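The next block holds one structure in the form of structure tokens; read it before the comments.
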Amino acid sequence: MRYYIGQCEYKWSHANKPMEALWIQRAVGTDIYRTVEENDWDWVWLRTNSQTLPGDVYCRCDIYVEIPNSKQGTWFMVKYPQAQLVEKAL
């Protein structure tokens, strides 16, 4: 199951580098970031050109997490109500 957590913007030069994880952690909060990492769930970071800043320099990153177990997903939704379940297209 995929859950939308939030979004952030940063320079394209930070994408796919260690700095990107810092931007993600800052956007979602340390607690959520640690929970995802400790449970070894998969991050899904969808990057597009920024809509508010120069798109050739900045990217917008939509932040999702993939949780394979529905019980864990339910627990995640209860603990972090800001997370939104996303239906994946077949």
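If you take all other residues with their beta carbon under 15 Å from the beta carbon of Arg60, and give Lys and Arg +1 and Asp and Glu -1, the sum is -1. Among the listed values (1) 3, 13, 17, 14, 11, 9, 9, 7, 6, 5, 4, 3, 1; (2) 3, 16, 31, 28, 16, 5, 1; (3) 3, 14, 25, 24, 16, 12, 6, 1, 0, the one matching P(r) over Cα pairs in 5 Å bins from 0, in percent as calculated from this structure is (3). Other residues within the sphere of radius under 12 Å centred on the Cβ of Val36, judged by their own Cβ, net out at -4 (K and R +1, D and E -1).
Give, rounded to the nearest 20 debye, the magnitude of the charge dipole that segment 29-90 has about its Cα centre when Lys and Arg contribute +1 at Cβ and Asp and Glu contribute -1 at Cβ.
Numbers: 6 positive and 9 negative charges, 34 e Å.
For this selection, approximately 160 debye.
Under 5 Å from the amide H of Gly6 lie the amide H atoms of Ile63, each residue being 5 or more positions distant or on a separate chain, with H modelled from the backbone and absent for Pro and chain starts.
The GluC sites (Glu not before Pro) of the chain that DSSP puts in a loop, and whose beta carbon has at most 15 other beta carbons within 10 Å, are Glu87. Its DSSP H runs of at least 4 residues, each contributing -39,500 (n - 2.57), put the calculated 222 nm mean residue ellipticity of the chain at -10000 deg cm²/dmol, to the nearest 500. Net charge dipole, segment 1-66: roughly 260 debye, given to the nearest 20, about the Cα centre with Cβ charges of +1 for Lys and Arg and -1 for Asp and Glu. How large is the accessible surface per residue of the chain, computed with a 1.4 Å probe and reported in Å² as a whole number? Roughly 65 Å² per residue, with all protein chains present. Residue by residue, segment 38-51 carries 3J(HN,Hα) couplings of 5, 8, 6, 7, 8, 7, 10, 10, 9, 9, 9, 5, 4, 8 Hz when phi is fed to the Karplus relation 6.51 cos²θ - 1.76 cosθ + 1.60 (θ = phi - 60°); x denotes Gly or Pro.
Share of the chain's accessible area from carbon and sulfur, percent, 1.4 Å? List each step's numbers first, then the result.
Details: 3000 of 5830 Å².
Answer for the chain is 52 percent, counting heavy atoms of protein chains only.
Within 15 Å, Cβ to Cβ, of Asn69, how many net charges do the neighbouring residues add up to if Lys/Arg are +1 and Asp/Glu are -1?
Details: positive: Arg2, Lys71, Lys79; negative: Glu38, Asp40, Asp42, Glu66.
Residues near Asn69 contribute -1 overall.
For segment 63-73, 3J(HN,Hα) computed residue by residue from phi via the Karplus equation (6.51, -1.76, 1.60; θ = phi - 60°) reads 9, 10, 10, 9, 10, x, 9, 5, 5, 5, x Hz, glycine and proline entered as x.
The values are calculated or read from the model by the stated rules, or taken from the named source; none is laboratory data. Keep in mind the model is a prediction, meaning the values are calculated, not measured. Glycine also receives a Cβ, built like all others from the backbone with ideal geometry; neighbour counts cover every protein chain displayed. Side chains included, ligands, DNA and RNA excluded: accessible areas come from the protein's heavy atoms. Shrake-Rupley method; radii C 1.70, N 1.55, O 1.52, S 1.80 Å.
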